[in-house]
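For reference, the structure discussed in these notes is given below.
The values are calculated or read from the model by the stated rules, or taken from the named source; none is laboratory data. Computed from a predicted model, the values in this text were never measured in an experiment. Note that each Cβ is placed from the backbone with ideal geometry, even for glycine, and that neighbours are counted across all protein chains shown.
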Amino acid sequence: MGMGYFNLCQVKNGYYRKAAHAAGVTVASMMMLLLLQCGGVWDPGRSAPSEPEAAGSPPHLTPAEKYAAEILSYLMQIVVGAAGDPTVREAWRTRSLFARPDYKEVVNIMSDPQRKVSELMVYDPNILGLSKVLFHYNERLNLFKGQALQQSVWPSEELLTIRLLMVQKIARGEKVRLGNLMARKALIRSVLVEPSQADLDSFKISYEELKLLRDVVHAEPFFMAYLEDPFLVDALYRVGLVEMDAYVLSKILAADYGDLAERYPGRKPSSDVVRVAILPSMIGTYDFAEKGSPGYPMGFRATDDYTRAIQVLKHKLMASLQQRILGAMPDAGGRLPPEQHGAAVADAVHAHLRFLELDKRPLVIYPGNAEAVIGTLCPDADFSFIILGKNVYLSVPLDEKKDTLPAVNRIYLDIDDVDLSDADYDIDRVAGFLLNRLEPLARRYMENISTAGLYNED
């Protein structure tokens, strides 16, 4: 590449800043480093804003856009330095502290070839996979807004502007009274309604900050609905941006999957069954449509890639469990011919292992909420696999003492690793974790069939 690339980057900056994405983290990271040398990329004619809603009516969100808000609730914690890779959290906490909190200035930075995106965000290759999933469900959160053949590596100006507001207020220790602000939504929706100083004091925001919110909502009206999303409000409280009040508390309590839990019938815990839950989290292997569309009862449908990967996971876990039980019970109950041991153990595993496939829609599960989400959706699970989108695991660092086996009965797996063989070691570890629970059941099963003579030779 050399200098020729940089010269081309200056000439065709808009193409390269926006187009460098997607051949994997390594290639994307290299492109991103190069692109940070170049200026802004915004093309004023590339995309019209979202269609405005009727005055006073809540913006309509599709199921995919609502799910994007759930993903964003985790990503926003990363980009203010409250989550993600610990080695870059300080950089996220301090980047843009002295930038002007103005939507038009953000647009200028993204469109001026002499400015750098690094004024607004940290180069963090760990969030590329997560960002790609986010843009899959709401392309207007991407700089391209769905107007190019592929997504940009950069988020939209509106998202960068919101981050700018967040990081500066958090650094100053200022907490917004969100309940008061949302009680006066007209002040955000309309520039014709002017706030009084008493209004601003009750919101604990400045007029400039209110104008910033107005500009963002005017450009993309769905952000008005995002300001009321339970998962996003929960995240704003987690990072210290909003005060606790009745409104915020009500949103935090609603930031769960209780409605989804109703779709999965409750089961009485049984001492005769080992239950393994499989939960998709921050993953792009779902198609989507309006809720209730044919084949999309909740607005989502798992792709063939997801279904195949889960079948592979189940097969590998059962095979590993069978092998371990055979090793622990070499005589398979003592009364069976050796050639029938394998079939008997396989039958025992099938009889006592149950998979709970929660695949009606994708979820957002990370260490900060995993216990609560699993407790809501599958409290009787003996173990949970959390299946992440490609390279999303890079944005979900785990505390080895608190977030991994054997401290917890769950594990995070990259869906591509499952489909290949990179997850085989972890799957075998899970089998080892479940062995103590399953082996006595398998032993009793084979003793019963031995006594009944089901496997005895004629």
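Scanning segment 64-122 for residues that are over 18 Å from Ile283 (Cα atoms), part of a helix (DSSP H, G or I) and either hydrophobic (A, V, I, L, M, F, W, C) or not assigned by TED's automatic domain parsing to the domain that holds Glu228 (or both) turns up Val88, Ala91, Trp92, Val106, Val107, Ile109, Met110, Val117.
Just one residue in the set Leu164, Leu149 is assigned by TED's automatic domain parsing to the domain that holds Arg93 and not in a loop (DSSP other than H, G, I, E, B); that residue is Leu164. Tell me yes or no: at least one residue of segment 347-359 is assigned to a loop (DSSP other than H, G, I, E, B) and either in contact (Cβ under 8 Å) with a residue 24 or more places away in the chain or more than 30 Å from Asn448 (Cα to Cα) (or both). There is at least one residue in segment 347-359 that is assigned to a loop (DSSP other than H, G, I, E, B) and either in contact (Cβ under 8 Å) with a residue 24 or more places away in the chain or more than 30 Å from Asn448 (Cα to Cα) (or both). Screening Asp199 on (1) surrounded by fewer than 18 Cβ atoms within 10 Å (Cβ to Cβ); (2) of a type in the set (Asp, Glu); (3) closer than 19 Å to Tyr103 by Cβ shows it passes everything except condition (3).
Please determine, by comparing only the residues of segment 225-249 that are among the aliphatic types (A, V, I, L, M) and assigned to a helix (DSSP H, G or I), which one is nearest to Leu178 (Cα to Cα). Result: Val248. Within segment 361-383, residues that are closer than 25 Å to Asn436 by Cβ have Cβ atoms under 6 Å from residues that are of a type in the set (A, V, I, L, M, F, W, C) and part of a loop (DSSP other than H, G, I, E, B) in these pairs: Leu377/Leu358, counting only partners at least 6 apart in sequence or on another chain. All but one of (1) closer than 22 Å to Gly84 by Cβ; (2) touching a strand residue (DSSP E or B) at 6+ places or on another chain (Cβ under 8 Å); (3) outside the structural domain of Tyr296 (by TED's automatic domain parsing) hold for Gly240; state the number of the condition that does not hold. Of everything listed in (1) closer than 22 Å to Gly84 by Cβ; (2) touching a strand residue (DSSP E or B) at 6+ places or on another chain (Cβ under 8 Å); (3) outside the structural domain of Tyr296 (by TED's automatic domain parsing), Gly240 misses just condition (2). Among the conditions (1) out of contact with any Gly (no Cβ under 8 Å at 6 or more places or on another chain); (2) in the same structural domain as Leu159 (by TED's automatic domain parsing); (3) over 27 Å from Lys390 (Cα atoms), the only one that Pro294 does not satisfy is (2). Filtering segment 375-428 to residues that are crowded, with 16+ Cβ neighbours inside 10 Å and among the basic types (Lys, Arg) leaves Lys390, Arg410. Residue-level analysis places Tyr366 outside the set of residues that are of a type in the set (Ser, Thr, Tyr), over 20 Å from the mean Cα position of the chain (by Cα) and either at pLDDT 95 or above or assigned by TED's automatic domain parsing to the domain that holds Arg238 (or both).
The residue of segment 309-321 that is surrounded by the most Cβ atoms within 10 Å (Cβ to Cβ), among those that are touching a residue at least 24 places away in the same chain (Cβ under 8 Å) and more than 22 Å from the chain's Cα centre (by Cα), is Leu321.
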